[in-house]
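The next block holds one structure in the form of structure tokens; read it before the comments.
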Amino acid sequence: MKRYMLIVLILLGLFASSVFAADPNYPDIQVSKFVKNYDADTITVNIEGWPRIIGEKISVRVNGIDTPEMRGGTDYSKALAKQAKAFVKALCVSAEKIVLKHPQRGKYFRIVADVEIDGRDLGEMLIMLGYAKKYDGKSARPDWSKPNDE
């Protein structure tokens, strides 16, 4: 009996190590429907073919950026947040194709991914327009209290 248990434990250990050593990169995800966006760096989408419990109204955080918050902050940051949100909504509503590239599971049970809209990177567009700043999720969040030129 001890020998049997030892063999089972070794096999379980080998299986577990192969699972955890697997490639953490997941394939791109085709979005079937844009549902809404809370702000410019968080969108809600449906993913066709996935079970409803995980593929319907799933929150996606745009990887590598931070945008101004809709609540709190200064009048300037709130106004910029509204502009950025409207820009993202207009892009997503009119998009022919939204793809989540390099998806990962982030905190708050969200998917964190590079969001590509009709072949263009959403994060890069937001940065170019001044609606977003680079953010790694670990360091202090960018300051949105006033325009960059002040």
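The values are calculated or read from the model by the stated rules, or taken from the named source; none is laboratory data. Since this is a predicted model, take the numbers as computed values, not measurements. Neighbour counts run over all protein chains shown; Cβ positions are idealised from the backbone, glycine included.
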Could you say whether any residue in the range 119-139 is among the hydrophobic types (A, V, I, L, M, F, W, C) and either outside any helix (DSSP H, G or I) or under 13 Å from residue 29 (Cβ atoms) (or both)? yes
Looking at the range 96-108, can you tell me whether even one residue there is part of a loop (DSSP other than H, G, I, E, B), surrounded by fewer than 19 Cβ atoms within 10 Å (Cβ to Cβ) and modelled with pLDDT of 90 or more? yes
Subset of the range 112-150 (residues that are surrounded by 10 or more Cβ atoms within 10 Å (Cβ to Cβ), within 18 Å of residue 83 (Cβ to Cβ) and not hydrophobic (A, V, I, L, M, F, W, C)): 123, 124, 130, 131, 133, 142, 143, 145, 146, 147
Tell me which of these residue 137 doesn't satisfy, since it passes every other one: (1) out of contact with any strand residue (DSSP E or B) (no Cβ under 7 Å at 6 or more places or on another chain); (2) under 19 Å from residue 36 (Cα atoms). (2)
Starting from the range 23-46, take each residue that is under 14 Å from residue 57 (Cα atoms) and list its partners that are in a strand (DSSP E or B) and charged (D, E, K, R), counting only C-beta distances under 6 angstrom and pairs at least six apart or across chains. 42/61; 44/36; 46/33
